[in-house]
């Protein structure tokens with residue numbers, strides 16, 4: 001019988017834990033046997049994609065016999081125009097995750113140092129580890145990623161990559177554009193800032209520093225998975241220095257992005273009117289989640305994202321209990337993975353009927369546990 | 001100004017050539033300024049996906065706000081049932097290319113030896129090289145991949161991976177199931193056979209050896225890109241030993257496959273009646289390409305795929321000239337990359353109107369060059 005030891009996996013792979021960065025909602029439904037009444041855990045946008053994007057996708061399904069364009073030319077051009085940068089400064093990939101995989105392929109090997117926040121995006125760490133990189137974790141400070149401590153750690157370790165999300169997941173917090181620009185200006189020589197802006201479309205106007213593709217030390221990652229409502233299409237993109245961007249072509253899965261998603265994303269990008277409407281719904285939804293927290297005597301964290309993190313007021317065991325009881329009632333939520341943030345639960349803005357369910361069940365669960 | 005030398009890419013990445021495994025048809029159209037009248041170069045299926053798959057994709061586009069299932073559970077289950085193997089023996093990825101990327105991540109690092117045929121699938125080699133593996137190339141023999149020489153080379157080099165496509169691309173040739181089983185039985189200890197069966201659905205019944213997922217030395221790669229007519233959906237899969245399959249979970253892009261494609265592929269798999277109809281059209285199309293070659297006094301190679309390779313009767317420069325003249329007339333074709341196969345051109349079965357265009361323009365180009 002074959003055992004793992006018989007396979008000639010690389011030594012790095014042999015040392016990796018088995019399993020997943022995190023479990024998907026569908027798997028949770030299957031494993032728990034509970035169908036979600038309210039899907040408010042993955043920061044998806046239940047408001048859906050623009051009707052124009054759906055129309056474009058339906059037209060494209062008839063063309064699904066054609067290979068998708070490995071250049072993602074039309075989408076790249078649309079994004080380049082949208083941001084006022086050159087075509088050669090934008091790259092499209094299979095979600096931000098797919099781009100992180102290629103990014104780590106480019107930069108990470110044993111002996112390479114990477115800095116990120118403790119409790120930040122696990123899939124980034126997963127891709128770093130799968131290439132044998134060393135991860136240095138910096139705790140959050142007051143529910144924010146700690147810019148100064150991260151910069152100091154990058155300096156101290158001579159880090160090649162420094163991951164930072166703004167707005168932040170899983171806390172929803174943000175730094176202003178000038179604070180971010182100051183961080184960019186202080187980057188140690190040789191460190192590339194991996195600036196994950198997955199939630200930028202739900203943020204206030206002064207959160208995103210100016211995009212400067214002449215700076216070889218910053219890569220900006222954005223996505224159609226969040227406010228654009230196209231998580232299932234798997235379209236992320238990265239904006240940066242042309243030499244950095246073009247080097248992805250040495251390692252990426254060129255035909256990785258699907259044709260239906262490519263066309264849907266172009267249509268979605270061109271429907272900013274729809275996006276603005278959804279943004280207003282998200283802002284209203286955040287307000288409602290804050291109000292529900294308050295009505296239950298709990299603190300919630302101000303958010304620039306499409307979710308709100310609620311401090312359940314006790315320890316992480318209590319928050320876990322709340323989460324599992326909500327799940328049993330068909331309400332899918334998630335929570336931060338590490339202390340001290342893990343005393344919170346994370347609630348994505350849902351449709352009105354989902355918010356109603358959340359409100360009712362949250363109150364009931366808290367009463368049950370009091 | 002930043003130059004490549006300033007970036008901290010890994011030493012492997014620094015040594016890689018820039019650019020693409022190969023150029024996509026859309027890029028060729030853009031670069032040449034010629035819109036293809038007949039798209040017969042990428043071995044796509046212009047017959048399209050099953051109408052049931054299109055219906056499933058159109059329904060799914062409304063659900064594109066949801067993350068796709070990282071387990072690909074429904075599609076894996078459908079494939080497992082279809083092949084009569086366990087769910088844990090099947091993995092779905094972003095096309096066979098995406099799976100090759102993960103495969104090489106698992107097995108390849110500097111010092112690892114890999115054997116393949118000279119002129120075989122370039123994207124496999126691309127992924128091996130991007131991990132620093134050593135590739136050993138074995139020439140074709142009589143337009144076939146040379147089983148004995150490949151086995152000998154794998155033995156000699158102590159290869160970790162041996163790539164083999166059956167039916168073969170770019171020649172269209174095949175080996176029978178018993179010949180393949182004999183090759184499997186002779187694999188050197190420690191060598192895993194990467195059996196690329198992208199074209200298996202267009203082959204005769206006796207081409208595919210029995211799928212044996214207890215054998216840890218064979219991985220079978222198949223796709224919805226060819227006869228299923230869903231190249232743009234980017235859905236490939238691999239069947240093999242559960243321990244090998246599960247190890248992909250350590251490195252793959254879990255959320256890489258899109259939701260619309262997942263659902264389309266399940267529907268396509270369940271419509272074998274449609275697939276059989278398309279297969280008959282492909283067989284008829286192959287016959288027609290053979291007849292066109294013959295009518296022009298040229299030899300064509302018997303094919304088990306959805307394309308036919310035509311020997312243009314002179315050297316590779318001549319074949320290249322034919323190809324470029326066909327392109328100028330709006331007929332997109334491709335050709336093998338290396339001698340001696342490069343005296344041929346490769347013609348995918350097209351729709352009737354495309355075949356008419358090919359017939360007319362091919363005759364005209366040959367006359368022009370005679």
Discussion item. Ordered shortest first, which distances in nm separate the 7 Å Cα→C-beta label point of residue A:141 from those of the other copies?
Written reply: 6.9
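For the range A:149-190, rounded, prolate or oblate, judged on the Cα gyration tensor with a ≥ b ≥ c (square roots of eigenvalues), a/c < 1.5 rounded, else prolate if a/b > b/c?
Working: a/c = 2.69, a/b = 1.58, b/c = 1.71.
Cα axes put the range A:149-190 in the oblate bin.
Under the rule of -39500 (n - 2.57) per DSSP H run of 4 or more residues, summed and divided by the residues of chain B, what mean residue ellipticity at 222 nm is obtained, to the nearest 500 deg cm²/dmol? List each step's numbers first, then the result.
Details: 13 runs with 147 residues, N = 370.
-12000 deg cm²/dmol, from helical runs alone.
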Discussion item. At a threshold of 8 angstrom on Cα-Cα distance, excluding pairs fewer than six apart, so keeping six or more, what relative contact order does chain A reach in percent?
Written reply: 24 percent
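Per-residue counts of other Cβ atoms within 10 Å, averaged by peptide: what ranking do you get for A:119-126, B:354-361, highest first? Mind dumping the intermediate values first?
Numbers: A:119-126: 21.1, B:354-361: 18.1.
Top of the packing list down: A:119-126, B:354-361.
Beta carbons within 10 angstrom, averaged per residue: use that to sort the peptides B:68-78, B:253-263, B:25-35, B:192-202, highest first.
On the way: B:68-78: 20.8, B:253-263: 28.1, B:25-35: 14.3, B:192-202: 24.5.
Per-residue mean Cβ counts within 10 Å order the peptides as B:253-263, B:192-202, B:68-78, B:25-35.
Express the relative contact order of the range B:51-270 as a whole percentage, based on alpha carbon pairs under 8 Å and six or more residues apart in sequence. Display every interim value, and only then the final one.
Values: 416 pairs, mean separation 64.3, N = 220.
Rounded, it is 29 percent for the range B:51-270.
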Worksheet item: So what's the Cα pair-distance distribution over the range A:150-295, bin width 5 Å, in %?
Response: 2, 8, 14, 19, 19, 16, 11, 7, 3, 1, 0
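Please compute the average number of Cβ atoms from other chains found within 10 Å of each residue's Cβ in peptide A:260-272. If you can, show how the numbers build up before the last one.
Working: counts 14, 9, 1, 1, 4, 0, 0, 0, 1, 0, 0, 0, 0.
Rounded to a whole number, the mean comes out at 2.
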Worksheet item: Once Rh for the range B:243-284 is found with the Kirkwood sum over Cα pairs, what is the Stokes-Einstein diffusion coefficient at 4 °C and 1.567 mPa s, in µm²/s?
Response: 100 µm²/s
Worksheet item: Once you average over the residues of B:99-110, how many Cβ atoms of partner chains fall within 10 Å of each Cβ?
Response: 4
Discussion item. Starting from the 7 Å offset along Cα-to-Cβ, what nm value, one decimal, do you get for the label separation of residue A:77 and residue A:328?
Written reply: 5.7 nm
Item to complete: At q = 0.07, 0.08, 0.14, 0.17 Å⁻¹, work out log10 I(q)/I(0) for the range B:51-270 with the Debye formula, treating every Cα as an identical point scatterer and leaving solvent out; two decimals please.
Response: -0.21, -0.27, -0.84, -1.22
Practice prompt. Evaluate peptide B:237-250: per residue, the Cβ atoms of other protein chains within 10 Å of its Cβ; return the mean as an integer.
Written response: 3
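Highest first, please rank the peptides B:168-178, B:11-21 by the mean number of other Cβ atoms sitting within 10 Å of their residues. Kindly include the intermediate steps, with their values, before the conclusion.
Numbers: B:168-178: 21.5, B:11-21: 13.9.
Ranked by mean Cβ neighbours within 10 Å, highest first: B:168-178, B:11-21.
Provide the percentage of antiparallel DSSP beta bridges, counting only those with both residues in chain A; round to the nearest 5. Present the calculation step by step, with values, prior to reporting the outcome.
Working: 17 of 35 bridges.
Counting DSSP beta bridges with both partners in chain A, the antiparallel share is about 50 percent.
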Response to the item:
Rounded to the nearest 5, the percent of DSSP beta bridges in the protein assembly as shown running antiparallel is 50 percent
Item to complete: Determine Rg/Rh for the protein assembly as shown; Rg is computed over alpha-carbon atoms and Rh is the Kirkwood hydrodynamic estimate from the same atoms.
Response: 0.98
Worksheet item: Does the range B:108-214 classify as rounded, prolate or oblate by the C-alpha gyration tensor (a ≥ b ≥ c root eigenvalues; a/c under 1.5 gives rounded; else a/b over b/c gives prolate, otherwise oblate)?
Response: prolate
Discussion item. Just to be sure I understand: of the beta bridges DSSP finds with both ends in the range B:51-270, what percent are antiparallel, rounded to 5?
Written reply: 35 percent
Worksheet item: In bins 10 Å wide, starting from 0, what share of all Cα pairs of the range B:219-370 does each bin hold, as a percent?
Response: 10, 32, 27, 21, 10, 1
Practice prompt. Take B:329, B:334 and order them by how many other Cβ atoms sit within 10 Å, fewest up front.
Written response: B:329, B:334
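Take the Cα radius of gyration of chain B and divide it by 2.2 N^0.38 Å, with N its residue count; two decimals is plenty.
It is 0.99.
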Response to the item:
With one decimal in nm and the nearest listed first, the spacings from residue B:206 to its own position in the other copies, using label points 7 Å along Cα-to-Cβ, are 7.8
Item to complete: Apply 1/(1 + (r/R0)^6) to the Cβ-Cβ distance of residue A:35 and residue B:52, taking R0 = 25 Å, and write down the FRET efficiency to the nearest 0.05.
Response: 0.50
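Tell me, what is the FRET efficiency for residue A:294 and residue A:152 to the nearest 0.05, using R0 = 45 angstrom and their Cβ-Cβ distance as r?
Numbers: r = 36 Å, r/R0 = 0.81.
Calculated value: 0.80.
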Fill in: Inter-copy label distances at residue A:367 (7 Å, Cα→Cβ; nm, one decimal)
8.8
Worksheet item: Is the shape of the range B:1-153 rounded, prolate or oblate, going by the alpha carbon gyration tensor and its root eigenvalues a ≥ b ≥ c, with a/c under 1.5 for rounded and a/b larger than b/c for prolate?
Response: rounded
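Where a number appears in this text, it was derived from the coordinates with a stated rule and is not lab data. Remember, predicted model here, so these are calculated numbers, not experimental data. Here the Cβ is made from the backbone with ideal geometry for all residues, glycine too, and neighbour counts use every protein chain on show.
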